[in-house]
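Notes follow the structure.
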Amino acid sequence: MRSTNRRNRPTSSRNLQFINQVIAQLKAEPEKLQLIKNNLAYYRAQTHLKRGFLLAIERFDWVFEATDNIDEICDQIMADDYIGNRLRRYPLLFKGVVET
């Protein structure tokens, strides 16, 4: 059996719970998408970010370019595909959406 470089990391239940709260908040208040866009701009301006984090920012840009429909954006965040997995891996991108 050959080992691969790809790791299959299941989303932790704590992170998944947070993402579900984000989705519920976004559907209730779609204007909170602006918080995510602000977070993207903030982190994009940082000089030293991991490549994975930069890829997540880029994928979010793709999602926002593809649609402005809140349901489609939420579906993409929750999608069990490369982009959805990449977006959910970095909860800092959703900072401020869920009020504590």
Notebook entry, point to check: Carbon and sulfur atoms: what percent of the 1.4 Å accessible area of the chain do they account for?
Noted result: 48 percent
Item checked: Extension gain, L33 back to S12 (0.36 nm per residue minus Cα-Cα distance, nm) -> 5.2 nm
Next item on the list: Determine the gain in length on full extension of the stretch L92-K50; use 0.36 nm per residue of separation and subtract their C-alpha separation, reporting nm with one decimal.
Entry: 13.8 nm
Next item on the list: Under 10 Å from the Cβ of G52, count the other residues' Cβ atoms, weight Lys and Arg +1, Asp and Glu -1, and hand me the total.
Entry: +4
Margin query: Could you tell me the extents of the range 23-68's C-alpha atoms along the three principal axes, largest first, rounded to whole Å?
Written below: 34, 19, 14
Check: Which value at 222 nm does the chain reach when only helices count, each DSSP H run of 4 or more adding -39,500 (n - 2.57), with the total divided by all residues and rounded to the nearest 500 deg cm²/dmol?
Finding: -18500 deg cm²/dmol
Item checked: Label-point separation in nm, Y42 to N69, each point 7 Å along Cα→Cβ -> 3.0 nm
Margin query: Tell me which trypsin sites (Lys or Arg not before Pro) from the range 35-85 have a DSSP coil assignment and no more than 14 other beta carbons within 10 Å of their own.
Written below: K50
Check: Classify the chain: rounded, prolate or oblate, from the alpha-carbon gyration tensor (a ≥ b ≥ c, eigenvalue square roots; a/c under 1.5 rounded; otherwise prolate if a/b is larger than b/c)?
Finding: prolate
Notebook entry, point to check: Taking a probe of 1.4 Å, how large is the accessible area per residue of the range 7-57, in Å²?
Noted result: 71 Å²
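The values are calculated or read from the model by the stated rules, or taken from the named source; none is laboratory data. Remember, predicted model here, so these are calculated numbers, not experimental data. Don't worry about glycine lacking a Cβ; one is built from the backbone with ideal geometry, like all the others, and counts go over all protein chains shown. We work out accessible area using only protein heavy atoms, side chains counted, and drop any ligands, DNA or RNA first. Shrake-Rupley method; radii C 1.70, N 1.55, O 1.52, S 1.80 Å.
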